[in-house]
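Asks: Have a look at the structure that comes next, please.
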Amino acid sequence: MLWPHPRIRRARNVELQERVAAVRRETPESDAWLKLLEAALAETEDGAVWETAVPQPGADRPVKAPLLSHTRITLDARATRGWVRRLLTLALPAQARKIDGVALLEAALCHDDARIDALAASGGADPAALRVAGQMALLPLLQACARAFTADVPPAWWEGYCPVCGAWPVVAEYTGLERKRQLRCGRCGVAWAIPLLRCVYCDETHHDHLGYLTPEAGEQTRKIEVCNSCKGYLKAVTTVRSLAPWAILVDDLTTVPLDIAALERGYRRPERPGYALEMQVVEDGGGRWRLWRS
Ligand SMILES: [Zn+2]
Ligand SMILES: [Zn+2]
């Protein structure tokens, strides 16, 4: 099959290619999303431009603030706009040239859905599709930050939200023989451990209020962690080894029936991020400074 947009590179990761091909066969309707994922991961593999954008963690950030909070990111304006344009050509071909790529990246970074919706309205784009594209556009930058920050994650980080980018986890992994619980971020891919009996969203620790939903038959490696205090849920998986960052996203896509099962029972995931990042984003070359809060 010919790749429809020659300027978009394919990811070189063979395991990823095989997994994506399998998901495409099983769920042809996910093809548009998979194309965005493949483009984002190819861009991540070729990530020098993103690695140079990784900031120093904010030294004066509050103790519960993620590492990216109170930082300043300098983006290569040309490379950033070129990348977002290529991605939007896949996601929203008719509107790709009408959306400000840097503004989209900034809004997605800060989980500022209202701003993404405003960009969609001004460009005549579907807001839901633009939110998805915005998160995909962010992957190369956030995954470069997570790789650089691995040694900086505080060992005693017990918050439910990501210690690098402030997002809620998309999955809890129970890994290896110890079945240690670790949470995984779907944006930057980082892993962090918090105690077994503790709600990710509201810090509930009383076992009477915490529980699991499990499939009646079949899949033994899957369950859904639920909290009856805040009605939050989180998908969980038992794995031999930690999922690669890209595999977290594919896993999230292929386990939508678990989300439906949780939603049908009155559980939900919070709409707001775990921690709203407070950052400065700078475009090099133009000298344009902005302070973003979400
Ligand atoms: Zn993260
Ligand atoms: Zn809770």
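Asks: Filter the stretch 10-62 down to residues that are in contact with a strand residue (DSSP E or B) (Cβ under 9 Å, 6 or more places away or on another chain) and β-branched (Val, Ile, Thr), then give me how many there are.
Replies: Residues meeting the conditions: 3.
Asks: Something else: Going by the conditions given, is Glu178 modelled with pLDDT under 95 and touching a Cys at 6+ places or on another chain (Cβ under 7 Å)?
Replies: no
Asks: Additional query: So which of Thr150, Thr175 ends up being among the polar types (S, T, N, Q) and surrounded by 18 or more Cβ atoms within 10 Å (Cβ to Cβ)?
Replies: The match here is Thr175.
Asks: Here's another thing I want to ask about it. Return the total of residues in the stretch 241-279 being assigned to a loop (DSSP other than H, G, I, E, B), of a type in the set (A, V, I, L, M, F, W, C) and at pLDDT 90 or above.
Replies: 2
Asks: Condition test on Arg179, is it more than 13 Å from ligand 2 (Cβ to nearest atom) and basic (Lys, Arg)? Give the steps one after another, and end with the answer.
Replies: Working: more than 13 Å from ligand 2 (Cβ to nearest atom): yes; basic (Lys, Arg): yes.
Yes, satisfied.
Asks: Please find, within the stretch 231-257, the residue that is nearest to ligand 1 (Cβ to nearest atom) out of those that are open to solvent by 40 Å² or more (accessible area, probe 1.4 Å) and over 27 Å from Thr44 (Cβ atoms).
Replies: Step by step, filter the stretch 231-257, then rank; the result is Lys231.
Asks: While we're on this one: Is it true that some residue in the stretch 74-93 is open to solvent by less than 20 Å² (accessible area, probe 1.4 Å), hydroxyl-bearing (Ser, Thr, Tyr) and over 30 Å from Ala156 (Cα atoms)?
Replies: yes
Asks: Turning to a different aspect of this structure: Taking interchain pairs and intrachain pairs at least six residues apart, which have beta carbon atoms under 9 angstrom, with the first residue in the stretch 207-232 and without any contact (Cβ under 8 Å) to a residue 24 or more places away in the chain and hydroxyl-bearing (Ser, Thr, Tyr) and the second part of a loop (DSSP other than H, G, I, E, B) and open to solvent by 60 Å² or more (accessible area, probe 1.4 Å)?
Replies: Note: pairs meeting the criteria are Thr214/Gln220.
The values are calculated or read from the model by the stated rules, or taken from the named source; none is laboratory data. Quick caveat: nothing in here was measured; it's all calculated off a predicted structure. Quick reminder, even Gly has a Cβ in these numbers, built from the backbone with ideal geometry, and neighbours come from all protein chains shown. With ligands, DNA and RNA removed, areas are computed over all heavy atoms of the protein, side chains included. Shrake-Rupley method; radii C 1.70, N 1.55, O 1.52, S 1.80 Å.
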